[in-house]
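Q: Following this message is one structure expressed as structure tokens.
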Amino acid sequence: MRNLLRRLTRDAALATLPGHVRLCVVLAYSEGMSHAEISESKAMPLGTVKSHIARGAARLREVLQDYGDRNIQ
């Protein structure tokens, strides 16, 4: 049950990201692709992939922190 809750929370947090950012984050963290692999496979500049992943990860930390703070109280 706990794993299901974590997965639902993670999926809800990912849903807050714009599609292109979410794609890069999922490919990097869930699929284990390197930045260069994502760049090549999705025909995106490497710098764009890196910024999408960095900004997406930062946003996920914010969303998940907010979620945790609300549910602890």
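Q: Checking Thr9 against (1) among the polar types (S, T, N, Q); (2) free of Cβ contacts under 8 Å to residues at least 12 places away in the same chain; (3) under 18 Å from Arg59 (Cβ atoms), which single condition isn't satisfied?
A: (2)
Q: Assess whether Val49 counts as being at pLDDT 95 or above and in contact with a Gly (Cβ under 6 Å, 6 or more places away or on another chain).
A: no
Q: Shifting gears a bit: Those residues that are surrounded by 11 or more Cβ atoms within 10 Å (Cβ to Cβ) and either more than 18 Å from Asp11 (Cα to Cα) or among the polar types (S, T, N, Q) (or both), I need them from segment 42-53; list them, please. So that I can check it myself, show each step before the final result.
A: First, the residues of segment 42-53 that are surrounded by 11 or more Cβ atoms within 10 Å (Cβ to Cβ): 42, 44, 46, 48-53.
Lys42, Met44, Leu46, Thr48, Val49, Lys50, Ser51, listed by residue number.
The values are calculated or read from the model by the stated rules, or taken from the named source; none is laboratory data. No experiment lies behind these values; they were computed from the predicted model shown. Neighbour counts run over all protein chains shown; Cβ positions are idealised from the backbone, glycine included.
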